[in-house]
Structure formats: C-alpha cells, structure tokens
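Novice: Below is one structure. I have some questions about it.
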C-alpha cells in the first residue's frame, strides 16, 4: 500500500472518527503547550554572580530563583498526565465503527500489519496536527503575553525561546509516541475480515494488593524526614527521587485499587439491588471492575497530588502562624512571614484544578463511548418499554458508586503522604535580641546597649491540623465534576437508543 | 374482537416513504405474519403498532384508546405491560444472566426481586432452557439467546407480542423449534403475535399473512400455505 493510500485511508471515516481525530489533535496540542512551557522554564539562563543570585527580570519567584525552576518544570510536566490520559480515552471514541471499518479493509485484502499501521497513522497524523497547532499557539502566545511592567519585569518567561532542535523534537516526538502507543495497544487486538477480536483482559476478582502500594508510599513518606535528618543535605537530590517514587506508588495504588473498590461496591450493590438500574450497574461493576481504574485514573492522580498539596499548605500556614506569634512575643508586632511558599501552593492548586478539568473532559468521552458501545442493547431495552431514565440511572450508579470511595481513598492517601513528608513543625527554641527604643537609638551601637533585652522564644513542636475544608472542596469538586460529565454524557443517550440502532447488524 | 387497530398509517424517513396509508386490525390471540421484500416497510409498521415510532399521519388504537398521540413515557409503559417486543438478535443485556434478563421487565414493573426470579425461572423452564438461568448471553448460542428473549418478552404475559424477524439469525431447524415454542406459549395465554418475516415457512405459522409492497398492503390471506400452517402447529 502506497504511503498516499495509507494516509488517505487513515483519515477516512464518519463523524465520530472525525471527532476522535479532533479530540486527539486537541490533546496533542495541549500536551505540546505544556511540554514547551516546561522547556521554556528550563531554558532560562542562570544569572551570573554568586550562589543565590536571582533572575530579576521576572516578577514571579518561581522563575526568579534558579533552584526552583526544575521543580516548576516538573510540575508542568505532571500536567501532561491528565492530558495524555485524555488522549488515551479519545482513542476509544467511535471504536465499534472503526472496528467495522478496519474489518471491511481486511475483507478487501488489507493485511493485519497494514490495518495496524492505518490505526497508528490515524493517531499519529492527528497528533502531528495537534502538535503543530500547539507550537503555533505557543509562538503566538509568547508574543501576545510579552508585556513587561513599569520596571521592565515579566510575569512569564516570554523573553526565552528553547533551542529550535528541542522544539522540533517535541513536535515530532509526541506524534511518534502516540502512534507507537496505538500500535502497542493494538497488540491485544486481532482484526479479522469478519470483525475485531480483543484478547480477553484480566479476569476474576481483583485482589486488594494495590493497598500495599499505597502502604509502601505512606511508609516511605514516614521514613523520609528521619532519614533526611540522619543523612544530611548531601543526599537531598536522591531523596527528591524517593518522593517522586512515593507519589507514583501511591497514585498507582489508588488507581489500581479502584478496580478492587469497583468490584466490592458492585457485589454490595448486587446483593441489595432492588431496582433494575442498580442491578445493571452492579453487574457491570463486577464484570469489568478495571473500567473504573481506566476511567478515573487521571482524576484520581490529580486528587492524590491535590491532597498532598493541601497537606503542604496546612504545614506552611501553621509555620507562618507560629512565626507570627513568636515574633509578637518577642516584640516584633509588625512581622509578616514571607508567603512565597503559600503563593507557590496557589499555583499547585491551580494546576490540580486544571488537571481535574482535563480529567473530567476525558470522562465525558468515556461515558459517551460506553453508551455508544452498548447502544443496540440499550435501544432494544427502550423498545421493550424500559424507560431511558432507568438506563441513565444505571449509568449514574455505575459511575458514582465506585467514584465516591475512590475519591476518598485518593484524598486520604495524598494527604497522609503529604503530611508524613512534611512532618511536624518545630519552631522557636532561640533567644531573640530585642531593642525597645526608637529606630534612631537602636541603630546607635552605644545607645542601643541600654535598650537591648534578650527574649527567650520557647521551642514549640506543632502538628498541622487536617485541612478538612480544602480536602472537602477538592473531593466535592471532583464528584461534582464527575456528576456534570455524566450529565453531559447522558445527553447522548437519546440519540444512541433510537430504534434505528436495531436495524444495524 | 379487534384489539389493535391501525388506520391510514403514513411514515417517511426523510424523503423516503416507508408506510403510505396502511390500515390493519389485529384481533385478540391472533397470529399475523407481515411479509414482503426488503424495504417495503414491515419493520416500520411493527414499530408504529408497538408505539416505538410515531406515524407521521394516521392513527393506532389499542382497545379503543388512540396510543400514537400518547407521550413516550406512556407508550413505554404500554410496551412494558401490555405489549412484548422481540428482535432478530435477542438483544439481551450482556452483563446480566439469563434469569436476570428475563426478570428485568418484572423488576421494572415493581415486582420484588425474589418473585421476579421465580417467574423468570418458570419461563425459562417453559422454553426448555432452565439451565441458562445463571449463564450470561455471551456464553449462549444464538438459539438459546433467542429463547431467553422470548421468555423476557412473554414474562409479563403481554396481550400482543411484536416479533421482528425473530428467527432471522437462526438456522432453519432452530428457527422452527423457536417458532413452535412461541406460537404454543402465545396461544396458551391468548397473546396476539405480529410476526415480521420474509420466510414463507415462518409465515406459515400465522393465522393470517399480510404481504406488503412499497409501504402498503399488497394482499392478505391465510398465508400461502394454510394447510402447512395447520400441519406445523
């Protein structure tokens, strides 16, 4: 098959195929933007001068301090997780129609390899278009946002452009990875001339071993501070890696644990189901408990990080409060702690909110796809007199029953790990020299001696309280986002249960 | 006595007419086969009679009540209680067992779970597939799925059963076995059957055969082989 024919067949399809390509391109554009933003942060040159010299051309401390840029870039890269999850979910959109099209191509003589290449090329081309759009958006955006303030300082690093080869690698690597991922995902799928056969996935009841992963994460987080104290700052870089592993372990545990939660919730629901809606939901949950893990992976990952960030915020807030109180005791009534870290947490919260939003967009795709896949069975149920509300309610139960405990476990795991990493706050335990006179007298070394007194600031070890409000906001927001996405998805129920669906074989 | 009455039914899909002023009566316990070439409007007629589709013009009356003007919810209720619907591929819910699929209409009607299961098991037994009670549709043959679908359609003891090519996906022997069951059980509870088919042997099970062409009734009769029908039953 010539490359031209391959490309033409790859982009052939109906409106759903077009929607899948547009969504894939959109995800690729978002991912490109995020990766380019991270590259830009890393491309800011370290200012000349001694250690601690800041890049004064920026208003934001995250950009000014060279030591913080790695973390900022890393946080930006973390944002690609929900974006890539959205791309993965988009790939499932219109799968039945695509399967029929690929089977028809096989019937017409295409080899299995050609069919795989077609599917991979479709994703690759859509991702390439998206990546190019992302690059264009980035270039236009950095021009539009380049607005120095009165002091000539910038809010964003719009004065920096990553090296052109780096830009090219991002624009080409993302589509290549997407195409490769599609080809890898199709390994378990055999497209025959008579249809598409999927290798059976994991069967049987999920085991509760994902809890071990979360436990491992909590244990490692609990040991973090003692180990750090005993080893000293020399190994801080390695310990940062440990923090990353801990976070990934917890996210994996929570995401995989959702399979176990779905299965258990499904069994409970089946035992006590008195309505057809709950019976349908229960059977689906026990039949494919991993669907929950796939559906909510990005959302739960965002919540684990969000809850961890809430623990960090509570820690910084308490530390600031203690410093303020102790300075008041010492006589510095006007003392205001530097709120740099709290401002940073604002940015982290913004990133989490963005991640939840992107994850919610992926959920809509999943819900619509689930409805579309079962449309003939649903249409038959409606034709036999089953109200659409019963089907809608069953979908609602199917999504909400596992999501509430899954969200709670994500919040719990994220918070506990964040809390363990930060430990308690030890403040005070020092003697403050206080000059109780006017500034003029205090600045005079001789006169000052008459007014100076030493105030003992006792050491206080405090534990930050659980930020219930923020956790509730995070969890409630996630559940509301899920509810809203299911609501949007259910709008497609009517068209997918039309009697015409019964006429197709 | 006429139960279901359709008069002057017109239905089009865009510019394509499917029904063009069709009139038809169905009596209690009567088995009516609707035959004709592909695209003549058989399934559309069945869907209009069952209240699945609203005709563009004309009316459908059930026991003196005009149902084509009813809301979708009211027509759904009617299909749940008075009508049964059966399709070519069974369309069972893949995640539910055979018994759960059959019990579904009863659960929707508010029957308790235990009573619904008992009734479902009884119907599966009457159709000779009691062993499928705890089997999922994916593990059943096409004929077994269709028997479960018949049980699901009859479990509420409907007054009319609408069957759209119920044997279309089955081999001849299995199809005829299925029809034998369907006709016997419908007869036992005086359920009228509207059977859409393009197979003369299947139409032979009916009391009356309606042959359609281009959206209207071409001719009506006792089927091309009334003696065969009698013999098969």
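The values are calculated or read from the model by the stated rules, or taken from the named source; none is laboratory data. Treat the numbers as computed from the prediction; the structure is a model and nothing was measured. In this analysis, Cβ positions are derived from the backbone assuming ideal geometry, glycine residues included, and neighbour counts consider all displayed protein chains.
Novice: Of the residues that make up segment A:134-146, is at least one outside any helix (DSSP H, G or I), more than 30 Å from residue A:88 (Cβ to Cβ) and touching a residue at least 40 places away in the same chain (Cβ under 8 Å)?
Specialist: Scanning segment A:134-146 turns up no residue that is outside any helix (DSSP H, G or I), more than 30 Å from residue A:88 (Cβ to Cβ) and touching a residue at least 40 places away in the same chain (Cβ under 8 Å).
Novice: Sticking with this structure for a sec: Would you say residue A:302 is touching a helix residue (DSSP H, G or I) at 6+ places or on another chain (Cβ under 7 Å) and in the same structural domain as residue A:408 (by TED's automatic domain parsing)? Step through it out loud before you land on a result.
Specialist: Working: touching a helix residue (DSSP H, G or I) at 6+ places or on another chain (Cβ under 7 Å): yes; in the same structural domain as residue A:408 (by TED's automatic domain parsing): yes.
Against the criterion (touching a helix residue (DSSP H, G or I) at 6+ places or on another chain (Cβ under 7 Å) and in the same structural domain as residue A:408 (by TED's automatic domain parsing)), residue A:302 qualifies.
Novice: If residue A:416 meets every condition in (1) free of Cβ contacts under 8 Å to residues at least 40 places away in the same chain; (2) farther than 30 Å from residue A:331 by Cβ apart from one, which number is that one?
Specialist: (1)
Novice: Could you count how many residues in segment A:133-156 are modelled with pLDDT of 90 or more, under 24 Å from residue A:46 (Cα atoms) and buried (at least 18 other Cβ atoms within 10 Å of the Cβ)?
Specialist: Residues flagged as modelled with pLDDT of 90 or more, under 24 Å from residue A:46 (Cα atoms) and buried (at least 18 other Cβ atoms within 10 Å of the Cβ) within segment A:133-156 amount to 2.
Novice: Name the residues in segment A:215-233 that are in a helix (DSSP H, G or I) and free of Cβ contacts under 8 Å to residues at least 60 places away in the same chain, would you? Before you say what the answer is, go through the steps one by one.
Specialist: Quick first cut of segment A:215-233, residues in a helix (DSSP H, G or I) only: A:215-231, A:233.
Result: A:215, A:216, A:219, A:220, A:223, A:226, A:227, A:228, A:229, A:230, A:231, A:233.
Novice: Consider residue A:395 carefully, then state whether it is over 28 Å from the mean Cα position of the chain (by Cα) and within 14 Å of chain B (Cβ to nearest Cβ). Working first, answer last.
Specialist: Values: over 28 Å from the mean Cα position of the chain (by Cα): no; within 14 Å of chain B (Cβ to nearest Cβ): yes.
So residue A:395 does not fit the description; no.
Novice: If you don't mind, there's one more thing I want to ask. Of the conditions (1) within 14 Å of chain A (Cβ to nearest Cβ); (2) surrounded by fewer than 18 Cβ atoms within 10 Å (Cβ to Cβ); (3) modelled with pLDDT under 90, residue B:154 clears all except one; give me its number.
Specialist: All conditions are met except number (2).
Novice: Among the residues of segment A:260-274 satisfying the criterion of being within 11 Å of chain B (Cβ to nearest Cβ) and out of contact with any helix residue (DSSP H, G or I) (no Cβ under 7 Å at 6 or more places or on another chain), which is surrounded by the most Cβ atoms within 10 Å (Cβ to Cβ)? Talk me through it step by step, then tell me what you get.
Specialist: The initial filter retains those residues of segment A:260-274 that are within 11 Å of chain B (Cβ to nearest Cβ), namely A:266, A:270-274.
Within this subset, residues satisfying the condition of being out of contact with any helix residue (DSSP H, G or I) (no Cβ under 7 Å at 6 or more places or on another chain) are A:271-272.
Values: A:271: 8, A:272: 10.
It comes out as A:272.
Novice: Also, quick follow-up: Using the structure shown, decide if residue B:113 is under 14 Å from residue B:157 (Cα atoms), facing chain A (nearest Cβ under 8 Å) and either in contact with a strand residue (DSSP E or B) (Cβ under 7 Å, 6 or more places away or on another chain) or surrounded by fewer than 24 Cβ atoms within 10 Å (Cβ to Cβ) (or both). Even if it seems obvious, please write down each step before you answer.
Specialist: Values: under 14 Å from residue B:157 (Cα atoms): no; facing chain A (nearest Cβ under 8 Å): yes; either in contact with a strand residue (DSSP E or B) (Cβ under 7 Å, 6 or more places away or on another chain) or surrounded by fewer than 24 Cβ atoms within 10 Å (Cβ to Cβ) (or both): yes.
So residue B:113 fails the test.
Novice: For segment B:185-202, enumerate the residues that are part of a loop (DSSP other than H, G, I, E, B) and closer than 14 Å to residue B:4 by Cβ. I'd like the intermediate steps shown before the answer.
Specialist: Of the residues in segment B:185-202, the ones part of a loop (DSSP other than H, G, I, E, B) are B:189-191, B:197-199.
Result: B:190, B:191.
Novice: Follow-up question, since we're still on this one. Within segment B:72-100, track down each residue that is assigned to a helix (DSSP H, G or I), crowded, with 23+ Cβ neighbours inside 10 Å and more than 8 Å from chain A (Cβ to nearest Cβ).
Specialist: The initial filter retains those residues of segment B:72-100 that are assigned to a helix (DSSP H, G or I), namely B:72-81, B:98-100.
Restricting the remaining residues to those that are crowded, with 23+ Cβ neighbours inside 10 Å gives B:76, B:79, B:98-100.
Passing the criteria: B:98, B:99.
Novice: Here is a follow-up. Quick check on residue A:390: is it more than 28 Å from residue B:160 (Cα to Cα) and in a helix (DSSP H, G or I)? Let's see the steps before the verdict.
Specialist: Values: more than 28 Å from residue B:160 (Cα to Cα): no; in a helix (DSSP H, G or I): yes.
In short, no.
Novice: Could you please find all residues in segment B:147-184 being assigned to a helix (DSSP H, G or I) and in contact with a strand residue (DSSP E or B) (Cβ under 9 Å, 6 or more places away or on another chain)?
Specialist: Here is the first cut: in segment B:147-184, the ones assigned to a helix (DSSP H, G or I) are B:147-154, B:172-184.
Matches in segment B:147-184: B:149, B:150, B:152, B:153, B:154, B:179, B:182, B:183.
Yes/no per residue for (1) touching a helix residue (DSSP H, G or I) at 6+ places or on another chain (Cβ under 7 Å); (2) away from every other protein chain (no Cβ under 14 Å); (3) under 30 Å from residue A:76 (Cβ atoms); (4) buried (at least 20 other Cβ atoms within 10 Å of the Cβ):
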residue: A:311; (1), (2), (3), (4): yes, yes, yes, yes
residue: A:346; (1), (2), (3), (4): no, yes, yes, no
residue: A:359; (1), (2), (3), (4): yes, yes, yes, yes
residue: A:373; (1), (2), (3), (4): yes, no, no, no
residue: A:382; (1), (2), (3), (4): yes, no, no, yes
residue: A:388; (1), (2), (3), (4): yes, no, no, no
residue: A:401; (1), (2), (3), (4): yes, yes, no, yes
